[in-house]
1. Can you work out which of the residues in the range 402-418 that are in contact with a Pro (Cβ under 8 Å, 6 or more places away or on another chain) and in a loop (DSSP other than H, G, I, E, B) is farthest from ASN274 (Cα to Cα)?
2. Test of understanding: among GLU312, GLU296, which residue is of a type in the set (Asp, Glu) and more than 26 Å from SER95 (Cβ to Cβ)?
3. Contact list please: Cβ distance under 9 Å, first residue in the range 102-123 and under 18 Å from SER146 (Cβ atoms), second residue assigned to a helix (DSSP H, G or I) and aromatic (Phe, Trp, Tyr), pairs at least six apart or on different chains.
4. What pairs come out if I take residues in the range 300-326 that are under 20 Å from ASN412 (Cβ atoms) and touching a residue at least 24 places away in the same chain (Cβ under 8 Å) and pair them with residues that are outside any loop (DSSP other than H, G, I, E, B) and open to solvent by 50 Å² or more (accessible area, probe 1.4 Å) whose C-beta lies under 9 Å away, six or more apart or interchain?
5. Can you pull out the residues in the range 249-272 that are open to solvent by 10 Å² or more (accessible area, probe 1.4 Å) and of a type in the set (Phe, Trp, Tyr)?
6. Only one of GLU96, GLU92 is closer than 21 Å to TRP309 by Cβ, open to solvent by 10 Å² or more (accessible area, probe 1.4 Å), touching a Phe, Trp or Tyr at 6+ places or on another chain (Cβ under 9 Å) and not in a helix (DSSP H, G or I); which?
7. If I filter the range 381-418 down to residues being polar (S, T, N, Q) and either more than 26 Å from VAL75 (Cβ to Cβ) or in contact with a strand residue (DSSP E or B) (Cβ under 7 Å, 6 or more places away or on another chain) (or both), which single residue comes out as most open to solvent (accessible area, probe 1.4 Å)?
8. Among ALA87, ALA78, ALA116, which is the only one that is of a type in the set (A, V, I, L, M, F, W, C), open to solvent by 10 Å² or more (accessible area, probe 1.4 Å) and closer than 15 Å to LEU54 by Cβ?
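The values are calculated or read from the model by the stated rules, or taken from the named source; none is laboratory data. As the structure is a computational prediction, the values presented were derived from the model and not from experiment. In this analysis, Cβ positions are derived from the backbone assuming ideal geometry, glycine residues included, and neighbour counts consider all displayed protein chains. Note: accessible area is taken over every heavy atom of the protein model, side chains too, but ligands, DNA and RNA are not part of it. Shrake-Rupley method; radii C 1.70, N 1.55, O 1.52, S 1.80 Å.
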Amino acid sequence: MNRTQTRTKWLAGIALASASALVITGCSNTAPEPESGEGTNTERPADVDLTLQLGSLLPSTGSLSFLGAPMEAGVQLAVSQINEADAGIQVELTSEDEGDLDNKAYETSITNLQSAGVTAMVGAASSSVTKLILDGNAGSGILTVSPSNTSADFTGINPLYFRTAPSDNLQGEVLGNQVAEDGHKTLGIIYQNDPYGTGLFEAIKATFESTGGEVVADASYNQGDGQFNAQVQTIAAANPDAVAIVSYDQFATIAPLLGNAGVDTGALYLVDGNLKDWPDLGVSLEGSKGTRAGAELPDDFIDQLNEVWTAEGNEPIDALTYSAEAYDATILIALAALQAVSVEGEDIAGAMQQVSGGSGEGEKCTSFAECAEIINGGGTIDYDGYSGEVTFNDDNDPEGAAIGVYEFDADNVHSRIK
């Protein structure tokens, strides 16, 4: 499936549903409807049969397009497993292109998703895009769960908003400490002027300076800018030991400019928005490092991602950033709907903390089928996923998270070092 096509539908395993089952879009007619936010029923019907209209708003074009494939593959893998489990809920997925602030694909896409009747959505990937669509989604009763929004501004922002990625405060702390651990005393920072970039900039700066280091120069740019000579000159003039670059694919232009200005491109520090292999960059990144959220992924999960992604004619995925977070977001939405016996956004939101183990109770489970069996049996669950424990706190943020540190080799290929 080519994600540049709009409004693609994904419905796997529907043939497993009983022909005599009553498919509804709200609560089963054999059970009382849960109050919004209640999240569970004291008695569960024996014939729960829900159909969830789920949307995904992830980038297949624009400056974050390299992240779109792994996240969309994570969503599709989760949907296929949910539907194959035949555990009382089926998911119909409508996928749309997020684009970015430059091409504004999200403007048409969000209208399409709302017109399709989605009540829950995975996305957007960009913090800036989410800020633009969140109020409209909430006003329409749509639950929004982002796998990659990291801006600290989103903590507790709306009862209908959750995220499976940790705040930039955590990633910035890890990166700032790593720069110090590597023996650097001075740091320059180039960052994009948006909620994502400014949040990471502030966290990196505060952490690095708390270790005794000094940020000797910083320079920002706006999304959509194509020229970065002024920012590079500002950094190069300060002659820092290392340079942190908080960007998306603008890194492809910024890094060579830094090299031409005499900056050591083996002492660059990248973040999740630009951390990928850069074999054709034109300068060596050997020794440079970067950070991104997420636990180390097992081979079987990676194999399953590629199986579902390439089955529709797509190229194999070569970057896995936020794939697990997108997968877990989808699984948690479906489990919360099953727990609430409802596919309405507010009801699902009311059960999200519970199914993640945020109540401090629940039986540990690690797959949709296993968790659904417990829920359908009247039990309480604590879902742990591929991205980590994903326990939502009262601000709808995941408590704790794994942040990986990666290093580039002579071929500009990155690998996890801790």
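1. Narrowing the range 402-418 to residues in contact with a Pro (Cβ under 8 Å, 6 or more places away or on another chain): 403, 411-413.
Going one step further and asking which of them are in a loop (DSSP other than H, G, I, E, B), we end up with 411-413.
Working: ASP411: 16, ASN412: 13, VAL413: 13 Å.
It comes out as ASP411.
2. Details: GLU312 fails: more than 26 Å from SER95 (Cβ to Cβ).
Going through GLU312, GLU296 in turn, the sole match is GLU296.
3. These pairs meet every condition: GLY123/TYR106.
4. Hits for this filter: ILE317/THR310.
5. If the condition is that a residue be open to solvent by 10 Å² or more (accessible area, probe 1.4 Å) and of a type in the set (Phe, Trp, Tyr), then no residue fits.
6. On the way: GLU96 fails: open to solvent by 10 Å² or more (accessible area, probe 1.4 Å).
After applying the criteria, what remains is GLU92.
7. Step one: of the range 381-418, the residues polar (S, T, N, Q) are 387, 391, 393, 396, 412, 415.
Now drop any that are not either more than 26 Å from VAL75 (Cβ to Cβ) or in contact with a strand residue (DSSP E or B) (Cβ under 7 Å, 6 or more places away or on another chain) (or both), which leaves 391, 393, 396, 412, 415.
Working: THR391: 19, ASN393: 38, ASN396: 22, ASN412: 8, SER415: 66 Å².
So, considering only residues that are polar (S, T, N, Q) and either more than 26 Å from VAL75 (Cβ to Cβ) or in contact with a strand residue (DSSP E or B) (Cβ under 7 Å, 6 or more places away or on another chain) (or both), the one most open to solvent (accessible area, probe 1.4 Å) is SER415.
8. Working: ALA87 fails: closer than 15 Å to LEU54 by Cβ; ALA78 fails: open to solvent by 10 Å² or more (accessible area, probe 1.4 Å).
None of the other options fit; the residue is ALA116.
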